[in-house]
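Undergrad: What follows is a structure written as structure tokens; I'll ask about it next.
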Amino acid sequence: MLRIGKVTYANLFPIFYMLEKKCDCSRYEFIEGVPSTLNRMLRNEEIDISPSSSIEYLRYQNKYTIIEGHSISSKGPIGSILLFSRRPIERLDGLTVLTSAQSESSVALLDIIFKKFYKINCYLRPTDKPFELVVNEAEAYLLIGDDALKAQKTVMDIYIYDLGELWYKNTELPFVFALWIVRKGCCTEKTELFEKFTGDLNKAKMLALKGLNKIAQELRPLLLSRHLLPVTDDELVSYWRGISYDFEDEHRRGLELFRMYSEELGLLA
């Protein structure tokens, strides 16, 4: 059995939808979790494969292998990694910024944006509390995934910054938020299964990118059940088209620059 981490955010819904609908998953066990939880589980060998934070890979490259050709990246706005701020970002110097405890790459990226691009220092404080309960506790709050999609439809009179857009504006490179990574032992212990999954993942991505309109019709009821505000099929498809699911040379250059900045700022320790 191959244990596969499953992020339940809308950004990966098309891939997992096609994996489960169009591939033989009888030898796969999907284990749900937020990115930070799946990072820890992969590191502790509790799962074999996961779409996990790029900084998890950079911190523990000796433990992992990348599944080539796959990532969750953006070449500009990502749509769901958002900083909500009461004041312009350049005026946050010295203040506390709350960050989602579900994220790791995004928090590191925010630190880089503050220090390298805006030359400011902020105190980043992780929290598990819902946005609506702590929105008044800090000048700014970093949200990711479905929480960010929901918040941007409900907040008013607030600055919203898309971290993917800020990175691309300053580097002209994609930002790799997550990679499909495998613990190295899995490649030798479960070689046949790993090779099968790689083929299934390739197939799932190809089918997903061709069938986004149909997939959007399937996802909308699920979003409603999670108490997210109504979103149209067109909005979902537009959101997915803003995500790069590939991992090519320009993605590698973006990832390498992220590694360099992270190392410089001591974020890989």
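Undergrad: Could you tell me which of the residues GLY164, GLY242 is of a type outside the set (Asp, Glu), touching a Ser or Thr at 6+ places or on another chain (Cβ under 7 Å) and not assigned by TED's automatic domain parsing to the domain that holds LYS63?
TA: Result of the check over GLY164, GLY242: GLY164.
Undergrad: Okay, moving on. Residue check: is SER54 small (Gly, Ala, Ser), over 28 Å from ASN213 (Cα atoms), under 16 Å from the mean Cα position of the chain (by Cα) and at pLDDT 95 or above?
TA: Working: small (Gly, Ala, Ser): yes; over 28 Å from ASN213 (Cα atoms): yes; under 16 Å from the mean Cα position of the chain (by Cα): yes; at pLDDT 95 or above: yes.
Criteria met by SER54.
Undergrad: Could you tell me which of the residues ILE31, ILE66, ILE81 is closer than 27 Å to GLN152 by Cβ and either in contact (Cβ under 8 Å) with a residue 24 or more places away in the chain or surrounded by 23 or more Cβ atoms within 10 Å (Cβ to Cβ) (or both)? Before you say what the answer is, go through the steps one by one.
TA: Details: ILE31 fails: closer than 27 Å to GLN152 by Cβ; ILE66 fails: closer than 27 Å to GLN152 by Cβ.
ILE81 is the lone residue from the list that is closer than 27 Å to GLN152 by Cβ and either in contact (Cβ under 8 Å) with a residue 24 or more places away in the chain or surrounded by 23 or more Cβ atoms within 10 Å (Cβ to Cβ) (or both).
Undergrad: Same structure again: List, please: which pairs have Cβ atoms under 6 Å, are six or more places apart or on different chains, and start with a residue in the stretch 176-193 that is in contact (Cβ under 8 Å) with a residue 60 or more places away in the chain and end with one that is aromatic (Phe, Trp, Tyr) and assigned to a helix (DSSP H, G or I)?
TA: As it stands, the answer is LEU179/TYR57; ILE181/TYR57; CYS186/PHE194; CYS187/PHE194, since those pairs meet every condition given.
Undergrad: Could you check, for the stretch 191-209, whether at least one of its residues is modelled with pLDDT under 95, in contact with a helix residue (DSSP H, G or I) (Cβ under 9 Å, 6 or more places away or on another chain) and closer than 16 Å to SER50 by Cβ?
TA: yes
Undergrad: Are there any pairs, at least 6 apart or on different chains, whose C-beta atoms fall under 7 Å, with the first in the stretch 85-99 and on the phi > 0 side of the Ramachandran plot and the second at pLDDT 95 or above and in a loop (DSSP other than H, G, I, E, B), and if so, which?
TA: Every condition considered, the pairs that remain are GLY94/ASN121.
Undergrad: Scanning for something of a type in the set (Lys, Arg), at negative phi and touching an Asp or Glu at 6+ places or on another chain (Cβ under 7 Å), does the stretch 238-260 turn up at least one residue?
TA: Residues of the stretch 238-260 that are of a type in the set (Lys, Arg), as a first pass: 241, 252-253, 259.
Applying the additional criterion that residues be at negative phi yields 241, 252-253, 259.
Filter once more, keeping what is touching an Asp or Glu at 6+ places or on another chain (Cβ under 7 Å): none.
Checked against the condition, which is being of a type in the set (Lys, Arg), at negative phi and touching an Asp or Glu at 6+ places or on another chain (Cβ under 7 Å), the stretch 238-260 yields no hits at all.
Undergrad: What is the residue count in the stretch 84-107 for residues that are crowded, with 20+ Cβ neighbours inside 10 Å and farther than 30 Å from VAL237 by Cα?
TA: Counting residues in the stretch 84-107 that are crowded, with 20+ Cβ neighbours inside 10 Å and farther than 30 Å from VAL237 by Cα gives 2.
Undergrad: Considering only residues that are surrounded by fewer than 14 Cβ atoms within 10 Å (Cβ to Cβ), at negative phi and part of a loop (DSSP other than H, G, I, E, B), which ones fall in the stretch 108-138?
TA: If the condition is that a residue be surrounded by fewer than 14 Cβ atoms within 10 Å (Cβ to Cβ), at negative phi and part of a loop (DSSP other than H, G, I, E, B), then ASN121, ASP128, LYS129, PRO130, ASN136, GLU137 are the ones that fit.
Undergrad: Does PRO126 satisfy the criteria of being outside the structural domain of PHE258 (by TED's automatic domain parsing), within 19 Å of THR154 (Cα to Cα) and modelled with pLDDT under 95? First the steps, then the outcome.
TA: Values: outside the structural domain of PHE258 (by TED's automatic domain parsing): yes; within 19 Å of THR154 (Cα to Cα): no; modelled with pLDDT under 95: yes.
Judged against the criteria, PRO126 is not a match.
Undergrad: OK, next. For the stretch 139-246, list the helices (runs of 4 or more DSSP H) that sit wholly inside it and hold at least 2 residues that are within 16 Å of the chain's Cα centre (by Cα); which are they?
TA: Working: elements: 145-154, 163-171, 184-189, 191-210, 212-225, 233-241.
Once the helices (runs of 4 or more DSSP H) in the stretch 139-246 are filtered for at least 2 residues that are within 16 Å of the chain's Cα centre (by Cα), what remains is 145-154, 163-171, 233-241.
Undergrad: Oh, and also: Taking the stretch 19-63, which residues are among the charged types (D, E, K, R) and not in a loop (DSSP other than H, G, I, E, B)? I'd like the intermediate steps shown before the answer.
TA: Step one: list which residues in the stretch 19-63 are among the charged types (D, E, K, R), which gives 20-22, 24, 27, 29, 32, 40, 43, 45-46, 48, 56, 59, 63.
Listed by number, the residues that qualify are GLU20, LYS21, LYS22, GLU29, GLU32, ARG40, ARG43, GLU56, ARG59, LYS63.
Undergrad: Ok, one more. Cβ contacts < 6 Å: first residue at positive phi, restricted to the stretch 144-171; second residue crowded, with 22+ Cβ neighbours inside 10 Å, any location; separation 6+ or different chain. Result?
TA: Matching pairs, first to second residue: GLY145/SER80.
The values are calculated or read from the model by the stated rules, or taken from the named source; none is laboratory data. Here the structure is a predicted model, which is why all the values come from computation and not from measurement. Glycine gets a Cβ as well: all are built from the backbone with ideal geometry, and neighbour counts include every protein chain shown.
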